Structure formats: structure tokens, C-alpha cells
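Data block below; observations after.
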């Protein structure tokens, strides 16, 4: 692949780009294009999670957990006020690792979709 499509993702880190390049190394160019389309629609940026985590301080705690697919934790955060604000503060500090973990899961899922789709 001559052009690196991963540079088009907003807020991509070198760590994430290296992981994506390694994960998609054996794919054809057509498969890589499909992967980029699927993964691009699923990934979350650390900046988005930071903004949604900050909502926890104005009374809407847990929205960021819903964004990363942690529905049960989102509900718990919502009804406990982000564990009385402590959980929200912890997530504010760890928002990048939340985004990285979610994005790795979505990269793996997208890779499996592309491989099973026979592109």
C-alpha cells in the first residue's frame, strides 16, 4: 500500500498507527481499504473521551463509558455520580488508555470482519 490511510484518522498516536500497520500487514490493498472504512467508523479519539468524561462534573457522569461499550459501568457511573466524582477523576486521568483499549478491540473486530468477508 503506497498511501498510509491511517494518517487520515484524527488524533491517531504513533502507538495506534504501529499497531494498525502490524495488524493489517498481511492484507491485500483492497482488504486494507475495507478495514480502514470499518475501523474508522468504530474508533474513538482520546479527545472525545476527555470531553465526555468532563460531562461527569456537570451531572452527566458515565457517558464516556457508554461510548467505549461499557454499558453496565456507564449505568453505574450515571446513578452514583461517577462514584461520587472519584471514578470520573480517575477516568479523566486514564482517558487515553480507555481510548487505546477500545480502539484495539475495534481494530481486532474490524480485522475479523474483513477476513471473514472475503474481500
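Each reported figure results from applying straightforward, stated rules to the coordinates on display, with no laboratory input. Because the structure is predicted, anything quoted here is derived from the model rather than measured. So basically every Cβ, Gly included, is an ideal-geometry build from the backbone, and we count neighbours across all protein chains shown.
Mean residue ellipticity at 222 nm, helices only, the chain: -21500 deg cm²/dmol; runs of at least 4 DSSP H residues each add -39,500 (n - 2.57), and the sum is divided by the number of residues. In the chain, the longest principal axis of the Cα atoms and the axis of helix 14-23 are about 50 degrees apart.
Taking the three principal axes of the alpha carbon atoms in region 70-114, the coordinate ranges are 42, 20, 6 Å, sorted in descending order. Spin-label model, residue 97/residue 18: points 7 Å from Cα along the beta carbon direction are separated by 1.8 nm.
Helix 95-117 and the long axis of the chain differ in direction by around 40°, with both axes built from C-alpha atoms.
For the chain, the longest principal axis of the Cα atoms and the long axis of helix 29-42 meet at an angle of about 10 degrees.
Volume per residue of the convex hull around the Cα atoms, evaluated for the chain, comes out as 88 Å³.
On the principal axes of its alpha-carbon atoms, region 1-64 has extents of 47, 20, 16 Å, going from largest to smallest.
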